[in-house]
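Structure, as structure tokens:
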Amino acid sequence: METAISVENISKHFTDKKRGLVKAVDELSFHCRAGTIFGLLGLNGAGKTTTLRLLATMLWPTSGTARIAGFDIVKQPDKVKANIGFLTGSTGLYLRLTPREIITYFGKLAGMDTASLKQRGDRLIDLLDMGEFADRRIDKLSTGQKQKTSIARTMIHNPPVLILDEPTSGLDVLTSRAIIKLVRNAKDEGKCVIFSTHMMHEAATLCDEIAVIDKGRLQTQGTLTQFREQYGKENLDDIFVAILENGGGR
């Protein structure tokens, strides 16, 4: 399978008045293949969201770079944006529009023709079980319904790479299941999915490969099977703690 995301020694440093130089991401490198789900795990403040925002070209790296779908995030940010769907916790929705209107609006922004947009939009509404509220205003929807709308907005242009930052955080079981089902469907369609989560059971059941980062640096990367063999533990929660305690075994 081809490499869809290649991250090469990427760093992002900030200057804080109290802490001085903060290395939010520090010479991070990893690779993700098409047709796979790549889990990105770490404690709060480990650098996960900063990493994903760098890949989505929302932040400019201090050094290093990455290629997504063959395009460089520094030299070709517009091409990168056209080939990704990015979901983050700060994704905003227009409260006076309906989910269907938002999906249509972002599809048109992506240059989709009317027929393709309607077909793709209807499919996402069906896959996410949004039919009951697709024509209600956003300000009348629940948290889960809004998150489904955000997911559909992220995926409407059918990008080859999805970057999802804690897509199921704070959601009920049924909404989470619908989103997980859509992520699996994206993998089956040959997409590359980066999936950041604090839910270890999600990572264990979903991800083909997992990377653990701490203090902006990669601790380890591998499959759950490899981790189980290396650490002698079955549960990903226990493996995760062992990785952090052992510095990734380095």
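What follows is calculated from the coordinates using simple rules that are stated; it is not laboratory data. The model shown is predicted, which means the values in this text are computed figures rather than measured ones. Note that we place each Cβ from the backbone using ideal geometry, even for glycine, and neighbour counts take in every protein chain shown.
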Sites LEU95 and THR15, calculated FRET efficiency, Cβ-Cβ separation with R0 51 Å, nearest 0.05: 0.90
The chain: most fluctuating residue of ILE210, ILE239, ILE103 per GNM, C-alpha cutoff 10 Å: ILE239
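At 222 nm, what helix-only mean residue ellipticity would the chain give, in deg cm²/dmol to the nearest 500, using -39500 (n - 2.57) for each DSSP H run of four or more? Working shown, then result.
Values: 9 runs with 93 residues, N = 250.
For the chain, the value works out to -11000 deg cm²/dmol.
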Rg and Dmax of the chain, Cα atoms only, in Å: 18.3, 54
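With 18 Å as the limit, write out which pairs from LYS79/LYS215; LYS48/LYS191; LYS48/LYS215; LYS48/LYS181 have Cα-Cα distances beyond it, or answer none. Write out the running numbers ahead of the final one.
Working: LYS79/LYS215 30 Å; LYS48/LYS191 20 Å; LYS48/LYS215 9 Å; LYS48/LYS181 23 Å.
Over 18 Å apart, Cα to Cα: LYS79/LYS215; LYS48/LYS191; LYS48/LYS181.
Determine the shape class of region 23-153: with a ≥ b ≥ c the square roots of the Cα gyration tensor eigenvalues, call it rounded for a/c under 1.5, and otherwise prolate if a/b is greater than b/c, oblate otherwise.
Working: a/c = 2.24, a/b = 1.68, b/c = 1.33.
Here region 23-153 falls in the prolate category.
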Nearest-ten-degree value, helix 143-155 long axis tilted from longest Cα axis of the chain: 90 degrees
C-alpha long axis of helix 173-188 to longest principal axis of the chain, angle in °: 80 degrees
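Using the beta-carbon distance between SER63 and ASN246 and R0 = 25 Å, what value does 1/(1 + (r/R0)^6) give for FRET efficiency, to the nearest 0.05?
On the way: r = 28 Å, r/R0 = 1.10.
Using R0 = 25 Å, I get an efficiency of 0.35.
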Angle between the chain longest axis and helix 99-109 axis [Cα atoms, degrees, rounded to 10]: 70 degrees
Note, ³J(HN,Hα) from phi for region 10-15, Karplus 6.51, -1.76, 1.60, rounded to Hz, x at Gly and Pro: 7, 9, 9, 10, 10, 10
Projected area, mean over directions - region 108-183, Cα convex hull, nm²: 5.3 nm²
GLN230 versus SER6: modelled label distance in nm, points set 7 Å from Cα along the beta carbon direction: 2.3 nm
Kirkwood Rh (inverse of mean 1/r, distinct Cα pairs), region 45-122, angstrom: 14.4 Å
P(r) of region 1-44 over all Cα-Cα pairs, binned every 5 Å from zero, in whole percent: 6, 16, 19, 21, 15, 10, 6, 4, 2, 0
For the chain, size of Cβ-based charge dipole, Lys and Arg +1, Asp and Glu -1, in debye: 820 debye
